[in-house]
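Below you'll find the structure, written out as structure tokens, and then a few comments.
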Amino acid sequence: MSEGYAAMPPRQQARSASQSLPIWQLELQRFFDTWAQGEKPSIKFCTAVAAAMGRGKAAEAAWDFVRALQRRSLDLDTFFCNSILQACSSTSRWELPTLLLAEMLETGPWPDPASWGITMSACSRSASWQQALALMNEMGRTRSQPNVFVYGAALASCANGQWERALELLSDMRGAKVLPNVVSCSSAISACEGGAQWMFALDILRSMRRDALLPDLIAFSASMNVCARAGHWQEAIQLLAEMKAVQMQPNTVSYNSAMDACTQTSEGWAKVLQLLGDMHQEQVHLQTETCCSAIRACGLAGCWATALLLWEQLWQSPLEVDAIALGAILSACRWDVALSLLREAVADQLRPDAIHFAQSIVACEQAGRFQIETSLLDQLADELTETRLVYRPVVDPATAPHPEVFRRTPSRARVFSVEWSATSSSAFACRAPAYRDPPL
């Protein structure tokens, strides 16, 4: 205890100590002081304490508080219990609000739609979608009518890919004459995104317009993401244009989604450069991921000089140059340029990994230069990580190359191999395209 605090009068010490406490503790202390004075607190007072606990994320204290009131046989109403449910839902635990809801069903007060929605939201935040949907079924058995808030909470629990359940919930909403809102539709689109169901996502987006609902940023971005993953880059670009048409400013995530879609085809590189120009004009924040998408798109189209220019701009910017960015430029460039970049990466202590070296080996093989450059790559690997690269010659030059780490040896040295694989998720990254840019 400091000397200044010890010198304070007792009343001032008490005031100073109370000011350092959270608000919910002060409210709780005032509540029990009132009770100790023989005055029974009103249910409105109890609700105010519970609301303060919710704002303070004091879930355990809220649970103890309702237990203390039950022991004192205080009549609790639904509004108070909803405040306790909200406080118990402030953490990642869904068990407390679920248990309290079960007690409300058994002993009262009877839960209203807000009680169900708060509890389902807690399950959603805890990634317990099965529990949220079980509560939805239980609500049906009690013949309680879900409202749009309850349906929205159930849909939010499906946002990680349970797209079939999300579509069922949307159908149930319309069957129950409950009009979906923007939040519920956005959650359903996010579920379709997680399940790679681009057609259903676009159907929901179109239905929002029929219902006179303006899609939000989440709905547009999730729709663009799922289109990008499915390789439908034209649809993703169209969605970006629709955002601007309704006076909605795309953010970095929106542009990244559109650029990722363009990396699925060799025709998308020009569009990517246009999107970069739009981001600069609209002052949208660039990320390293944004530049990587642009570099990959140029590499896929064989425009390695343009990719190299983007790499130089990234290097000179305040953005972080990570291993993903290095892999993107190595995949995009001609074999001799890739080797030069790899040497620079070692000199700049970017610490390229085995995949980066393997990409360069593959590029040399395709250019017929592997016998010249393999020793250089081994030397670079030894200088960087004391890693020995084991080279396996080409079996079939017609197949697509793919670097793969096979095993870690018991010794400290790591042995990596390069093999050919006709099924490569990044086949475009290692092939020798028909270069369009002039040599540097």
Between the modelled labels at Gln238 and Ala212 (7 Å from Cα along Cα→Cβ) the distance in nm is 2.6 nm
Efficiency by 1/(1 + (r/R0)^6): what FRET value for Gln25 and Arg143, r their Cβ-Cβ distance, R0 = 30 Å, to the nearest 0.05? 0.15
So how do 256-269, 102-115, 30-43 stack up, highest first, on mean other-Cβ count within 10 Å? 256-269, 102-115, 30-43
For peptides 294-301, 325-332, sequence by mean Cβ density within 10 Å, most packed first: 294-301, 325-332
Residue order, fewest to most beta carbons within 10 Å, for Ser360, Ser92: Ser92, Ser360
Full extension between Gln281 and Glu106 adds, at 0.36 nm per residue less the Cα distance, a length in nm of 57.0 nm
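We did not get these values from a lab; they are worked out from the coordinates using the rules stated. On a predicted model such as this, the values are computed, not experimentally measured, just so you know. So basically every Cβ, Gly included, is an ideal-geometry build from the backbone, and we count neighbours across all protein chains shown.
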